[in-house]
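Have a look at the structure below before the remarks.
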Amino acid sequence: MAEKTVLIVDDDEGIVRLVTTMIEREGFRSVAAYNGQEALNIHATLHPDLILLDLAMPVMNGLDVIDAIRKREQGGARTPIVLLTAHGHSYFTGERPRADVDGYITKPVTLLKLRQEVLPLLAS
């Protein structure tokens, strides 16, 4: 089975390094983007198996990235998106996520949170 790829999108280099280390220790490949436009470009060419996405970023915010990806994917394969944010509570109501995302991890990121949200999505 081919190694699965996770696109990590955050404008904070420290967060990207931390999450990259965690993802790679779990046996997955990681690719980084530091703003929304970079994320869209990588998604278009690489087609990652999952996207970890910050909401507050320069150039294009996470909500705009989600909208663009979901519009691009209409009628095709759907990439799981997990928010990587300090603002997850404002994007979700109760415990049910909006239909356009698959979960969220609040900062600070821990390995336990990452495993709970990401591993089930990559297992399928």
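The values are calculated or read from the model by the stated rules, or taken from the named source; none is laboratory data. If you're wondering where the values come from, they're calculated on a predicted model, not measured in any experiment. Cβ atoms come from the backbone with ideal geometry, glycine included; neighbour counts cover every protein chain shown.
Residue pairs whose Cβ atoms lie under 9 Å apart, sitting 6 or more positions apart in sequence or on different chains, and linking a residue in segment 65-87 that is free of Cβ contacts under 8 Å to residues at least 40 places away in the same chain and surrounded by 19 or more Cβ atoms within 10 Å (Cβ to Cβ) to a partner that is assigned to a loop (DSSP other than H, G, I, E, B) and among the hydroxyl-bearing types (Ser, Thr, Tyr), are 69/79.
In the set 24, 3, which member is surrounded by fewer than 16 Cβ atoms within 10 Å (Cβ to Cβ), part of a loop (DSSP other than H, G, I, E, B) and on the phi < 0 side of the Ramachandran plot?
Selected residue: 3, the only one of 24, 3 that is surrounded by fewer than 16 Cβ atoms within 10 Å (Cβ to Cβ), part of a loop (DSSP other than H, G, I, E, B) and on the phi < 0 side of the Ramachandran plot.
Tallying residues that are assigned to a helix (DSSP H, G or I) and within 10 Å of residue 84 (Cα to Cα) within segment 106-123 yields 1. Among the residues of segment 76-94, those that are at pLDDT 85 or above and part of a loop (DSSP other than H, G, I, E, B) comprise 76, 77, 78, 79, 80.
With respect to (1) closer than 27 Å to residue 14 by Cβ; (2) modelled with pLDDT of 85 or more, the lone exception for residue 100 is condition (1).
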